[in-house]
Amino acid sequence: MRNHNMTQSVIDQLPRPEAKMNRGSEALAARLEAGATALAAFAATLSETEWQTRLPKDGRKIGVVVHDVASVYPVEIHLASLIAAGQPVAGVTWDAVDAMNRDHAKENDGAEKEATLALLAINSAAAAAAIRAFSDEDLSRAWPMSLNSDAPLTCQFMLEDHAVQDSYHHLAGIRAALGR
């Protein structure tokens, strides 16, 4: 009886034939997961000295930057959700982003590697799940985005330019700073 219940539980979790997979949101989610996985895999190899190394120009410690990537997924998904819901993104400026990054760096200066990598795994998985929930219509909806001079940008662009690319962008910067 127990095996039957376990089997039925697995069957209940399978996608229904009538359920359509959204290829666009699935592809975005997969790219986000791949970037987060690559960042986590590289960060896991860093020594404590490397984890504490400050990035040129940026000035933040590598560990703080990895923590920031993990921490900002919910914000980026929220902004994309606003656009998907037919609402403009207002009041978000590059000055506000810079201030958020400065505050985050101060508050998380001692970010520990193990806890940061756990947060990266949790928040990237949640972000990927949220992306998978967007329909094609959601992804193609465009509304003014204050971060981009109120240009009417799509939900998909918001996701690609922020949540998806963030881990790739910072991984490249970290690799360059460490020369590997």
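The values are calculated or read from the model by the stated rules, or taken from the named source; none is laboratory data. These numbers come from a predicted model, not from an experiment. Cβ atoms come from the backbone with ideal geometry, glycine included; neighbour counts cover every protein chain shown.
Remarks
Here is a yes/no grid of residues against (1) without any contact (Cβ under 8 Å) to a residue 24 or more places away in the chain; (2) in contact with a Ser or Thr (Cβ under 7 Å, 6 or more places away or on another chain):
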residue: Lys106; (1), (2): yes, no
residue: Glu114; (1), (2): yes, no
residue: Leu147; (1), (2): no, yes
residue: Ala151; (1), (2): yes, no
residue: Gln156; (1), (2): no, yes
residue: Gln165; (1), (2): no, no
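- Residue in segment 3-15 that is at pLDDT 95 or above, out of contact with any Lys or Arg (no Cβ under 9 Å at 6 or more places or on another chain) and assigned to a helix (DSSP H, G or I) present: no
- Here segment 38-61 is the region considered, the condition is being in contact (Cβ under 8 Å) with a residue 40 or more places away in the chain and among the aliphatic types (A, V, I, L, M), and the residue that is farthest from Ala125 (Cα to Cα) is Leu55.
- Scanning segment 55-80 for residues that are surrounded by 14 or more Cβ atoms within 10 Å (Cβ to Cβ), charged (D, E, K, R) and not in a helix (DSSP H, G or I) yields Asp58, Arg60, Lys61.
- Residue selected from segment 92-110 under the condition of a type outside the set (S, T, N, Q) and touching a helix residue (DSSP H, G or I) at 6+ places or on another chain (Cβ under 6 Å), by the criterion nearest to Lys61 (Cα to Cα): Ala105
- Selection of segment 62-104 for residues being touching a residue at least 60 places away in the same chain (Cβ under 8 Å) and over 15 Å from the mean Cα position of the chain (by Cα) yields Ile62, Leu82, Ile83, Ala84, Pro88, Val89.
- Candidates Ala172, Ala177, filtered to the one that is surrounded by fewer than 19 Cβ atoms within 10 Å (Cβ to Cβ), in contact with a helix residue (DSSP H, G or I) (Cβ under 8 Å, 6 or more places away or on another chain) and modelled with pLDDT of 95 or more: Ala177
- Extreme residue, surrounded by the most Cβ atoms within 10 Å (Cβ to Cβ), among residues of segment 115-165 that are hydroxyl-bearing (Ser, Thr, Tyr) and not in a strand (DSSP E or B): Ser124
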